[in-house]
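Handing you this structure, nothing more for now.
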Amino acid sequence: MDDISSTIRKVEFWLVDVPLTDPFVVATGARTIAENVFLRVTLSNGAQGYGEAAPFPEVGGETRESCLIALHQLGKAILGHSAASYTDVGRVLSEQAHSSPAARCGLETAVIDAYCRASNIPMWQLWGGADVRARETDITIPIADLDKTVALARGWYTKGFRLFKMKVGNDVENDIRRLEAVHRALPGIAFIGDGNQGFSRQDCLEFAQGVKRFGGTMALLEQPVVRDDLDSMAAIRRETGIPVAADESVRSLADAHEVVARGAADYINIKIMKTGVAEAVEIASYTKAAGLKLMIGGMIETRVAMGCSFSLVLGLGGFDVLDLDTPLLLANDPITGGYRYEGSLLQPWSGSGLDMKSALSQNITTIE
Ligand SMILES: [Mg+2]
């Protein structure tokens, strides 16, 4: 495929609202509806690709409004570029709107999807196809009262989930009680405790101690403290002996350098919505080279954005912990095709690009 035939000719985007089955409550905020933006890019050869922007103000500082403003500007900026040079497109987007990572991510995903469709390869092939097999994801249990917490966990357990990512960080005593109740109810499970920056160092140490006391298995402590408190992250690793994952602390490659230099984490949680796709690939390579482990997650995303993340898992390899569950928390699935969930497993796809289709909205913004 030559460069001219893969020129970006048209960018379309529209709002997608998907209700959540249960309120998604974390230490820094709550959501009842995923308020995202879908995008479609058309190349001069007619190939089309989809993308999704899932702004999450507490992590990226982006609202849907600011994301839409960025998309108007960025959509124009990429017209005429070649989709084959998708890393250059990522760089152009980054230079123009570094503080709009979700908008950049949606455009990059759509460009890469279109390019893969035109090239007739699955998106994971583009990244190397290093580890193409079904993979297990954790399941997220939001902050809720004790009964609700256990009921949600039990429901997922029945479907085969064994790694429970517990949202914590608001109230140490209550967090310990919630985990203990789930631990007592469900045999053979492990926890990720995701503090979303809500703990102090002392809180987190008490939390880890409390979980140890009742015999719970804590696989990972994710972003226990505020993003720039890397000293506490390092201390928590040392003092608990539990691996720590940096999520909010890593919103760029430069952040990843800092986390590594300060010994602040065992894992880096890659999210395309924090950095865009090209930079996520760079951070993943750097993380592996630095000897840290890889986790991958998302904001509250449908299978469009999450399919792109799963393509990185399948293509790049080396991801130990998958937190690719948010489509399961949504009341409906606005797309067809692509990867599938079977219980806690994500099943790879074999069609080109993301191999997905979305119905178009009545209300589309078109840039051409
Ligand atoms: Mg997190």
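The values are calculated or read from the model by the stated rules, or taken from the named source; none is laboratory data. Here the structure is a predicted model, which means the values were calculated and not measured. So basically every Cβ, Gly included, is an ideal-geometry build from the backbone, and we count neighbours across all protein chains shown.
So which residues in region 1-32 are aliphatic (A, V, I, L, M), loosely packed, with under 15 Cβ neighbours inside 10 Å and at pLDDT 95 or above, if there are any at all?
Selection gives Leu15 alone.
Which condition does Leu329 not pass, out of (1) more than 13 Å from the chain's Cα centre (by Cα); (2) more than 16 Å from the ligand (Cβ to nearest atom); (3) touching a residue at least 60 places away in the same chain (Cβ under 8 Å), if it passes all the others?
Checking Leu329 against (1) more than 13 Å from the chain's Cα centre (by Cα); (2) more than 16 Å from the ligand (Cβ to nearest atom); (3) touching a residue at least 60 places away in the same chain (Cβ under 8 Å), the one that fails is (2).
Being without any contact (Cβ under 8 Å) to a residue 40 or more places away in the chain and closer than 23 Å to Ala190 by Cβ narrows it down to one residue among Ile283, Ile268; which is it?
Only one candidate qualifies: Ile268.
Check whether at least one residue in region 331-345 is in a helix (DSSP H, G or I), at pLDDT 95 or above, under 17 Å from Val16 (Cβ atoms) and touching a Leu at 6+ places or on another chain (Cβ under 6 Å), and report yes or no.
no
Take the residues in region 260-271 that are among the hydrophobic types (A, V, I, L, M, F, W, C) and away from the ligand (no atom under 14 Å from the Cβ), then tell me which one is surrounded by the most Cβ atoms within 10 Å (Cβ to Cβ).
Checking each candidate, the answer is Ala264.
What number of residues within region 196-227 are within 16 Å of the ligand (Cβ to nearest atom) and surrounded by fewer than 19 Cβ atoms within 10 Å (Cβ to Cβ)?
Residues flagged as within 16 Å of the ligand (Cβ to nearest atom) and surrounded by fewer than 19 Cβ atoms within 10 Å (Cβ to Cβ) within region 196-227 amount to 2.
Please identify the pairs in which a residue from region 182-205 that is in contact (Cβ under 8 Å) with a residue 24 or more places away in the chain and under 15 Å from Leu152 (Cα atoms) has its Cβ atom under 9 Å from the Cβ atom of a residue that is in a loop (DSSP other than H, G, I, E, B) and within 16 Å of the ligand (Cβ to nearest atom), counting only partners at least 6 apart or on another chain.
The qualifying pairs do not exist here.
I'd like to check something: does region 24-40 contain any residue that is within 16 Å of the ligand (Cβ to nearest atom) and among the hydroxyl-bearing types (Ser, Thr, Tyr)?
Yes, because at least one residue in region 24-40 is within 16 Å of the ligand (Cβ to nearest atom) and among the hydroxyl-bearing types (Ser, Thr, Tyr).
If you check Val132, Val168, Val182, which single one turns out to be surrounded by 20 or more Cβ atoms within 10 Å (Cβ to Cβ) and either under 24 Å from the mean Cα position of the chain (by Cα) or over 23 Å from Ile300 (Cβ atoms) (or both)?
Residue meeting the stated conditions: Val168.
Give the residues of region 244-254 that are within 14 Å of the ligand (Cβ to nearest atom), closer than 16 Å to Ala278 by Cβ and free of Cβ contacts under 8 Å to residues at least 40 places away in the same chain, sorted by residue number.
Answer for region 244-254, where residues must be within 14 Å of the ligand (Cβ to nearest atom), closer than 16 Å to Ala278 by Cβ and free of Cβ contacts under 8 Å to residues at least 40 places away in the same chain: just Val250.
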